Amino acid sequence: MYSEKVMNHFMNPHNVGVIEDPDGVGKEGNPICGDLMEIFIKVKDDRIVDIKFRTFGCGAAIATSSMATEMVKGKTIEEAMEITNKAVAEALDGLPPIKMHCSNLAADAIHAAIEDYLEKKRAKQPA
Amino acid sequence: MAKRTVYMDHAATTPVDPRVVEAMLPYFTEGYGNASSVYRLGQEARKAIDEARADVAQTLNCTPREIIFTGCGSESDNLAIRGIAFWNRDKGTHIITSSIEHHAVSHTCEQLEKHFGFQVTYLPVDKYGRVDPTDVEKAITEKTTLITIMYANNEVGTIEPIAEIGEIARAHKIPFHTDAIQAGGALDLDVEALNLDLLSLSAHKFYGPKGVGVLYLRRGVRLLPPQTGGAHELNRRAGTENVAGIVGLATALKLAQGHREENNRKLIALRDRLIEGVLSSMLDTQLTGHPKERLPNSASFTINYVEGEGLLLGLDMMGTAASSGSACTSASLEPSHVLLAMGIPPEVAHGSLRLTLGHENSDEDVDYLLEVLPGIVERLRSMSPLYTTAS
Ligand SMILES: Cc1ncc(COP(=O)(O)O)c(C=O)c1O
Ligand code: FES
């Protein structure tokens, strides 16, 4: 049912964990099946220098978390904002149709983490 | 540790016993006749079916005429429910069932409700998944024409108080059907002792072939067959008989019911060691289903903070086949209705794991499972945002 790439990322996911002192945090819940994802980012000069995730979900959810975080690591905030669930699914050689919704979780959580970072940055700036 | 192939999903299906295959083989090649034909080849097929029917009847303690061969367990359930419901439509349109039935029963009832104007009562269960017979009695109305409650649950292994429910049904003169598909080969199938009017079986759950089932229908109980055509199965199920399949079913049932006691002793010993081992090797892990009144081969759990599909994929990588009722593993992306009906919250149902044993399983298989499972759970928990919040 899953591609070899999905299984590899599921068995050996990249970027698992938490960042103790993150610059941005994104949390997303999957309204369809009730799964959860958290993304932590560290940003330097508007570039994502570190990223970690934790996911409670199916094999596709874990594999897309791994792939999505890998894809935006080292990217600028602007570049990272452009990541889509479709791009993540394609990078994994596709997902079964019923599992496409799982890939939304990763892209959405990354977007949320970046927005959190931008929010905090704005708050720090003098009015 | 050496990787090992371990099949622990016998509630899904079982391998066909080689003795069953051997009994079936002649009916594909030399004995291919149509049992309705008058010439010798046809009559040989007829004889094989008659013998199979007599064997099944003996196991069920009924007469051969009360046995209907079908195309699978789902078909048996459909024939029973639709058949009884439509035959009695002028008398009433109320059906009583439970909230933990297999979809072959529950979706059939739902369709009658949605599209044909029937009323269905879905009885609740306790935390072990047991129906209370007094609830059955309370749900009966003048319009009730069918009670259908499963014998043993496929997800959590809980055995239902069928004989008691049957007694109530009989007192009210309402036909009583049980889906005994998980009970075949494991529990007593005496339709008299169990007070049954209809009972469904499926061969592939007791080391027989896929695609063949049985419906027992008590003499005098009438139904309107949903599948019409030729006069096969005494006008109750049209279609040229699957001779090899029917012979396979009868052979498998005879073997399974004949060696039931000794097989169960072995399975219960393995099952209890498996349950004990899983619960003691991991924290935040619960047994689902009844601790005692459960199928001899069934061990089912909820493992907190992890999701079932991840467990299954992890086990598969280690060569082990298992099953789960989690939302992510279901085609509907909803957690198992059985676990929800037992009061298990959706997020806990997420971590459900079902291990169902069979004849080929050994102590070494149980040891292997107990060796690999905690590592798989630990890995998934370490990735789970729920785990650290909780600990
Ligand atoms: C309790 C129960 N009922 C019905 C069925 C359906 O049987 P079949 O697969 O033969 O259609 C199954 C198994 O899949 C089952 O476990
Ligand atoms: S996260 Fe539930 S199906 Fe993928």
Calculate how many DSSP beta bridges within chain A are antiparallel, expressed in % of all such bridges and rounded to the nearest 5.
95 percent
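For region B:107-214, what Kirkwood radius comes out of the mean inverse Cα-Cα distance, in Å?
14.7 Å
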Ranked on Cβ counts within 10 Å of their own Cβ, fewest leading, A:23, B:135 go B:135, A:23
Considering the Cα trace of region B:3-82, what is its radius of gyration and what is Dmax, both in angstroms?
16.3, 55
So, relative contact order of chain A in percent, Cα under 8 Å, 6 or more apart, is 31 percent
Return the single residue from B:148, B:97, B:108 with maximal mean-square fluctuation; model: Gaussian network over chain B, springs between Cα atoms under 10 Å.
B:108
Measure up A:52/A:75; A:27/A:75; A:73/B:3 against 25 Å on the Cα-Cα distance and list the ones that go over.
A:73/B:3
Over chain B, what is the relative contact order in percent, taking alpha-carbon pairs closer than 8 angstrom and at least six residues apart?
21 percent
Less than 30 Å apart at the alpha-carbon level, and either on another chain or at least 8 residues along: which lysines does that give for residue B:143?
B:91, B:114, B:127, B:173
Modelled label reach - residue B:135, point 7 Å along Cα→Cβ, region B:90-107 residues with backbone N closer than 18 Å:
B:95-103, B:105-107
Pairwise centroid distance, computed over Cα atoms, of region B:133-206 with region B:68-86, Å
14 Å
Once all Cα-Cα distances of region A:4-124 are split into 5 Å bins that start at 0, what whole-number percent is in each one?
2, 13, 25, 25, 19, 10, 4, 1, 0
What is the Cα convex hull volume of the protein assembly as shown when expressed per residue in Å³?
177 Å³
Distance (nanometres) between label positions extended 7 Å along Cα→Cβ at residue A:11 and residue B:378
1.9 nm
DSSP loop (so not H, G, I, E, B), at most 15 other Cβ within 10 Å: list which GluC sites (Glu not before Pro) in region B:83-160 pass both filters.
B:142
Measuring from centroid to centroid over Cα atoms, what is the spacing of region B:1-42 and region B:229-251 in Å?
16 Å
Run the numbers for residue B:265 and residue B:29: contour at 0.36 nm per residue of separation, minus the present Cα-Cα distance, in nm.
81.1 nm
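Per 0.36 nm of contour for each residue apart, how much would the distance between residue B:61 and residue B:276 grow if the chain were fully extended, relative to their Cα-Cα spacing?
73.7 nm
Do the sum for chain B: with -39,500 (n - 2.57) for every DSSP H run of n ≥ 4, divided by all residues, what is the mean residue ellipticity at 222 nm, to the nearest 500 deg cm²/dmol?
Taking each H run of at least 4 residues, the total per residue is -12500 deg cm²/dmol.
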Give me the percent relative contact order of region B:80-138, please, defined on Cα pairs under 8 angstrom at least 6 residues apart.
35 percent
Cα-based Debye curve of chain B sampled at q = 0.08, 0.10, 0.12, 0.15 Å⁻¹ gives log₁₀ I(q)/I(0) of -0.43, -0.67, -0.94, -1.32
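So which chymotrypsin sites (Phe, Trp or Tyr not before Pro) in region B:18-86 are both in a DSSP loop and have at most 10 other Cβ atoms within 10 Å of their Cβ?
Answer in residue order: B:28, B:39.
Based on other C-beta atoms within 10 Å, arrange B:109, B:72, B:328 from fewest to most.
Working: B:109 23, B:72 19, B:328 26.
In order of increasing Cβ crowding within 10 Å: B:72, B:109, B:328.
Read-outs: derived from the displayed coordinates by stated rules, not from any lab. Treat the numbers as computed from the prediction; the structure is a model and nothing was measured. Methodologically, a virtual Cβ is constructed for each residue, glycine included, from the backbone with ideal geometry; neighbour enumeration extends over all protein chains shown.
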